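*Asks:* Quick one: the structure is below, questions incoming.
Nothing in this text is a laboratory measurement; each read-out follows from the coordinates by a stated rule. Since this is a predicted model, take the numbers as computed values, not measurements. All Cβ positions, glycine included, derive from the backbone under ideal geometry; neighbour counts span all protein chains shown.
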Amino acid sequence: MRLKSKSSLVFKILIPILIVAGTSMGFVKNINENEKYKKLSSALKILMGVAILLIGLYMFWLAF
């Protein structure tokens, strides 16, 4: 029985991820340019910034 190479497996996983990422970038750009979603966009930026900060502090706390 022949084993598949690791690079083949990586490409089978990587290509769909890149396709989804590119598609979602276009979707986010359209929403971001829409006036209706400006408040939601601002709130999400703040919320995600706080989440990243908390995760960073937690990882720093785990290190020590």
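*Asks:* Using a Cα distance threshold of under 22 Å, what count of lysine pairs results for the chain when pairs must be 8 or more residues apart or interchain?
*Replies:* Lysine pairs meeting both conditions in the chain amount to 5.
*Asks:* May I pose another question? Give the range of the longest stretch in the chain that excludes all trypsin sites (Lys or Arg not before Pro) found in loop regions by DSSP and having at most 10 other beta-carbon atoms within 10 Å.
*Replies:* In short, 5-64.
*Asks:* Okay, moving on. Can you give me the angle between helix 38-63 and the longest principal axis of the chain, using Cα atoms only, in degrees from 0 to 90, rounded to the nearest 10?
*Replies:* 60
*Asks:* Which entry in (1) 7.7; (2) 4.3; (3) 5.3 matches mean projected area of the Cα convex hull in nm² derived from the coordinates of this structure?
*Replies:* (1)
*Asks:* Tally Lys and Arg at +1 and Asp and Glu at -1 over the other residues with C-beta under 13 Å from the C-beta of residue 37: what net charge comes out?
*Replies:* Net charge around residue 37: +3.
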